[in-house]
Ligand code: XMP
């Protein structure tokens, strides 16, 4: 096992993901808890993450000195490199030579970290994001790669198995980064690479049991894959201590409620409470057009419903949610820069503080594609596991401006037609997520001999791996034409269809 010490980088989870992709189990611990975790877990290697702080500042975070005394291999990344240098007797200087984004490293010497990947004398693209830099190496270290602004872009003390890089090998913009991480965990730390999602399942179940004890848990189902996987996993862990609550907030897609209820009650035999709450949600959302207010309103009402259901079962101590890692990092403020909240995804950001249930979030460390693998592992039907993601706030955030039942009805129909055509064309599984949006804009049209003045429907379809970045799907025009014709002919209230060709970034996948 590998221990990842987190210094607060926005991309720490990507390190974990890369390690897991190599079939090696790892855990992330905040630096404040690293020493205890290190003692307890006895990892075969330690990776020190990046982070927003500066080691030149007094009382900035450090790795446990114990890690360096223990003799296990250590790999420091960015801040991890700097604190490693500082702790082992080198020096770090505040940044006059910041490097952000694309850079190039030149390989000066062979090194076990580069084996079979990078070759002496060659140059390779990497992704940098740092203000400080190491200026003096600790004894025993040599420089194995340089970049324009980082004379110690990669350093190594191969005798002690210490490696450290200034760039970020975990991000996709460092093309061979995953292979460097592989070299560290497999060859240098000697992990065998036989860890699987099956093992994750066992560990997650053990953790849920430990966290929950004999208390009761309520799990909100949204109709999406994540909450379904979380529910099945938790049910496997604690059986009937779990009650699933499916809230129909009036913002679901066509036929969605029936599908979810059937899956849980009939397929899994998991107790499910189906709460019809559309009146309550839609009246609270009346006149609301701000996307964040929509999310927070919905989040608040969800909690009201969960608390009411919790009372009915004699008090649940925990609320379970299918929160994924991208939800976590996009909702909390990004570290390492001015704080920005992109969207407060309801299952993290919008939780009212008064909520008196603790959270169980067994998927918090996973990316979407990993959740799908876990879902399959848990025996969820392929068709369900392959479902496109659907946001908790549902159609509310696909209806920019104020929400009305007429707009929702038109949107539901348009969305169903669009997805039906996508399935018929055999494209459902190639596309990561597709949906219709109904715009608050009305345009003039002519139908038969009459004038129409109706809403615009925008279609969105993206390819993605994890929802963090995405590109629009390049449909052929004949397909789009077919969908547009059907929507305009079959859906009252829509007389124009457009296709969204924005990637993420700079756009987001949803429109709100
Ligand atoms: P964005 O729009 O942020 O979406 O690019 C990324 C993924 O997250 C989903 N999403 C949400 N999921 N609550 C959720 O549970 C939310 O408030 C929310 N907003 C976006 C979105 O559908 C996409 O899959």
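The values are calculated or read from the model by the stated rules, or taken from the named source; none is laboratory data. Quantities reported herein were computed from a predicted structural model and do not represent experimental measurements. FYI the Cβ positions are ideal-geometry reconstructions off the backbone, even for glycines, and counts take in every protein chain you see.
Summary table below
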{"item": "Hits in the range 425-460 - residues which are closer than 25 Å to residue 289 by Cα and within 12 Å of the ligand (Cβ to nearest atom)", "result": "433, 434, 435, 437, 460"}
{"item": "Output for the range 487-509, where each listed residue is over 16 Å from residue 460 (Cα atoms) and either within 11 Å of the ligand (Cβ to nearest atom) or in a helix (DSSP H, G or I) (or both)", "result": "488, 489, 490"}
{"item": "Residues of the range 463-486 that turn out to be outside any loop (DSSP other than H, G, I, E, B), more than 9 Å from the ligand (Cβ to nearest atom) and free of Cβ contacts under 8 Å to residues at least 40 places away in the same chain, as a count", "result": "9"}
{"item": "Close pairs (7 angstrom Cβ cut-off, 6 or more residues apart or separate chains): closer than 22 Å to residue 207 by Cβ in the range 311-322, in a helix (DSSP H, G or I) and more than 16 Å from the ligand (Cβ to nearest atom) anywhere", "result": "316/310; 318/212; 320/234"}
{"item": "Qualifying residues in the range 247-276 (those that are part of a loop (DSSP other than H, G, I, E, B) and free of Cβ contacts under 8 Å to residues at least 60 places away in the same chain) - the one farthest from residue 387 (Cα to Cα)", "result": "271"}
{"item": "Selection from the range 114-131 of residues that are over 14 Å from residue 168 (Cα atoms), in contact (Cβ under 8 Å) with a residue 24 or more places away in the chain and touching a strand residue (DSSP E or B) at 6+ places or on another chain (Cβ under 9 Å)", "result": "114, 117, 118"}
{"item": "Answer from 260, 225, 171, 185 - the residue that is modelled with pLDDT under 90 and under 30 Å from residue 78 (Cα atoms)", "result": "171"}
{"item": "Qualifying residue in the range 138-152 (condition: surrounded by fewer than 24 Cβ atoms within 10 Å (Cβ to Cβ) and more than 24 Å from residue 55 (Cα to Cα))", "result": "no"}
{"item": "Matching entry among 279, 287 (being part of a loop (DSSP other than H, G, I, E, B) and loosely packed, with under 14 Cβ neighbours inside 10 Å)", "result": "287"}
{"item": "Elements of type helices (runs of 4 or more DSSP H) in the range 1-73, at least 1 residues being within 21 Å of the chain's Cα centre (by Cα) and on the phi < 0 side of the Ramachandran plot", "result": "12-21"}
{"item": "Qualifying residues in the range 422-433 (those that are crowded, with 20+ Cβ neighbours inside 10 Å and under 20 Å from the mean Cα position of the chain (by Cα)) - the one nearest to residue 496 (Cα to Cα)", "result": "433"}
{"item": "Given (1) closer than 21 Å to residue 161 by Cα; (2) part of a loop (DSSP other than H, G, I, E, B); (3) without any contact (Cβ under 8 Å) to a residue 40 or more places away in the chain, number of the condition residue 89 does not satisfy", "result": "(3)"}
